[in-house]
2 protein chains.
Amino acid sequence: MAPTLALVGATGAVGTVMIDIVNARESVPWGDIRLIASPRSAGKKIVVRGEERTVQALGPEAFDGVDVAMFDVPDEVSAQWAPIAAERGAVAVDNSGAFRMDPDVPLVVPEVNAGAIADRPRGIIANPNCTTLSMMAALGALHREFGLRELVVASYQAASGAGQAGVDRLYAELAAVGGKNVGVRAGDVREALAAAGLTDDSPFPAPLALNVVPWAGSLKQDGWASEELKVRNESRKILGIPDLRVSATCVRVPVVTTHALAVHATFEREVTVDGAHKVFAAQPSIVLQDDPAAGVFPTPADVVGNDPTYVGRVRQAVDFPNTLDFFVCGDNLRKGAALNTYEIAEVVAREFA
Amino acid sequence: MAPTLALVGATGAVGTVMIDIVNARESVPWGDIRLIASPRSAGKKIVVRGEERTVQALGPEAFDGVDVAMFDVPDEVSAQWAPIAAERGAVAVDNSGAFRMDPDVPLVVPEVNAGAIADRPRGIIANPNCTTLSMMAALGALHREFGLRELVVASYQAASGAGQAGVDRLYAELAAVGGKNVGVRAGDVREALAAAGLTDDSPFPAPLALNVVPWAGSLKQDGWASEELKVRNESRKILGIPDLRVSATCVRVPVVTTHALAVHATFEREVTVDGAHKVFAAQPSIVLQDDPAAGVFPTPADVVGNDPTYVGRVRQAVDFPNTLDFFVCGDNLRKGAALNTYEIAEVVAREFA
């Protein structure tokens, strides 16, 4: 019998993209599809694959009969409810940070480590952080061929990584500064925001319009931001390289959606630009855009809304052996969140075939 | 007798900042100050240190009696005229790319390698590229203490690095997209620019508003951009480390002025965050802003218009021995161009004392 899918957090930003993805699929392996959200959103009607469905309130009985439950809710909600869903017999695929580093929970990017899905003692599978995910298809493909050893990463992260509040704030800030010759002396961006009433409640710790902000997440040990340590720890777990050396600097930029990363990756074996191009071209989830003579390289504004990971600017490091520098862009709401979660769910669905 | 200073390119963007800097100095070591520009700007009157001066047309006789000539003009103009100034007895301090890698021309950041100024067989001293300069005070100070070996850099470069045309373009693009819910699907930024008539003539190879563009300069060998190779080659020359290993990825961001860089630097000797903080605090041209718990780190919008190099987010790399990750911001028009050029000129002026 075709399995039943539940979307928990169906009315949120990523949940909405999840429904878009389910609707856009040519065919789906699901029998019933159930929408679950907070009691506040319960009763809302949403059309999924041509059928109007009523959003149910989150509660233990909402998971009865569910085979696969995708969660996109805050960490603490996942921490409470994913185990309940699992207890009731569903496989929980969770996009929060609650379970990613749990040794009994696989952390999965299907084109990299789909095999890890089978070993899930808690009945929970975790979806990685969006920054890590934006480069994982590219790094997984290179690792299989050349053996990854070291990673130095600088991110160019979009406002929507901080949720709808981040997007709203960026637009409001741009309206306050745009085309007004602001940004030419220290503090004048802050003054323009203040004049527009944008003084507090920002999800960002500094102005984002006409600026970049070297901070994402919360403060962890020794000055590291949580997002930077996630890139390290999640990359190690997904790629199965427990001693992978990683340094990441995470920086927010005034882009709406799509994270970009400058990657400096060192391998066990010799690597060439041609060899890397072949690896990328062979990976269906990667689009290679690498012809700078013709102005061809990926940029967030040209990638947003698309499923694949876009790779360009592939260069052999001049001074570092076995090392490539490249630039990668991925939509943080799609492959970085909703799409990868759904791809995991589709792999699980095969168990019911 | 107090030496005579000439400003060549006095009416340009960087030339204007040069005049601001000369005017803001408490005292200057100069006798006469002469303004030189293209014949088109000749005759223009500009007040320098309380005295109105008439811009002279560039020509051999303009350098007669000049002791130090600062050049901020295109590469080909410098290539032609800096040697003529030197021939006529002036020391030429050049901010173009024409002479930077000439083995007979020192490439100088005064707080790093002022000693190199004495050895100038061609009578020309070069000022580094703005991206290199934005991190050089910080790296020079760390190198003296710990011995720099490797550098992996990703840049967040401002629009004014491409001149006034870059600034004008960024403002025009922001006016075309700002606060209009653009940036949510691939190509809609390009559509908004087209609708506003911003279809071509951009100094950037892709839209910069709501975007980041992984390209700066011209295409060099093996997919490298000229700006990326400048960072490598100029860092080696300034720091006096001919075998320094460098990889740079240069990315333009929608910021008006002030370049930022994420730096991953590996040293010969053990390095700690405390040790690095002490080094930065002891360098007068560096401002340390590193207290993320209090939201304190440098951002371009808070640094623009200031002379120092601002450093923050200093972290010991978790997996790389003797390695620091940090974030640095520097005004690309001041320390990155006009200020450093002027500081070199002031060092030369001491020879006349």
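Values in this text are rule-based calculations from the coordinates and carry no lab data. Quick caveat: nothing in here was measured; it's all calculated off a predicted structure. No Cβ is skipped: glycine too gets one built from the backbone with ideal geometry, and neighbour counts run over all protein chains shown.
List of remarks:
- Estimated 222 nm signal from helices in chain B, with DSSP H stretches of n ≥ 4 weighted -39500 (n - 2.57), rounded to 500: -9000 deg cm²/dmol
- Sorting B:T4, B:T341 by the number of Cβ atoms found within 10 Å of their own Cβ, with the fewest placed first, yields B:T4, B:T341.
- Counting Cβ atoms of other protein chains within 10 Å of each Cβ in B:221-233 and taking the mean gives 3.
- Shielding by partners - mean other protein chain Cβ count within 10 Å, residues of A:264-271: 1
- Kirkwood-Stokes translational diffusion coefficient of the protein assembly as shown, alpha-carbon pairs, 20 °C, 1.002 mPa s, µm²/s: 80 µm²/s
- Exposed GluC sites (Glu not before Pro) absent: longest stretch of chain B, with sites in DSSP loops and at most 10 other Cβ within 10 Å deemed exposed: B:27-269
- The stretch A:105-177 versus the stretch A:71-90: alpha-carbon centroid distance in Å: 20 Å
- Within the protein assembly as shown, DSSP assigns beta bridges of which about 50% are antiparallel (rounded to the nearest 5).
- Dimensionless Rg/Rh of the stretch B:88-188 - Kirkwood Rh, Rg from C-alpha atoms: 1.15
- Mean silhouette area of the stretch A:220-288, derived from the convex hull of its C-alpha atoms and averaged over all directions, reads 6.6 nm².
- Ordering B:A79, A:G197, B:Q283 by the projection of their Cα atoms onto the charge dipole of the protein assembly as shown, which places +1 on the Cβ of Lys and Arg and -1 on the Cβ of Asp and Glu, puts A:G197 at the extreme positive end.
- Check: the protein assembly as shown dipole with +1 on Lys, Arg Cβ and -1 on Asp, Glu Cβ, in debye: 340 debye
- For A:K278, the lysines whose Cα comes closer than 23 Å to its Cα, not counting residues fewer than 8 places off in the same chain, are A:K335, B:K220.
- For the stretch B:200-289, the list of trypsin sites (Lys or Arg not before Pro) that fall in a loop by DSSP and count at most 15 other C-beta atoms within 10 angstrom reads B:K220, B:R269.
- Using Cβ point charges alone (K and R +1, D and E -1), the dipole size of chain A about the Cα centre works out to roughly 260 debye.
- Taking a straight line from the alpha carbon of A:K230, these aspartates and glutamates sit under 17 Å away, with near neighbours fewer than eight places off in the same chain left out: A:D75, A:D94, A:D102, A:E150, A:D222, A:D243, B:D319, B:D325.
- Taking a ≥ b ≥ c as the square roots of the eigenvalues of the Cα gyration tensor, the stretch A:30-72 is classed as oblate, since a/c reaches at least 1.5 and a/b does not exceed b/c.
- Farthest positive-ward along chain B dipole, Cα basis, beta-carbon charges - from B:W224, B:M135, B:A114: B:W224
- Estimated inter-spin distance, B:R40 and A:K45, nm [label 7 Å along Cα→Cβ]: 6.7 nm
- Modelled FRET efficiency - R0 30 Å, A:D307 with A:Q164, Cβ distances, 0.05 increments: 0.90
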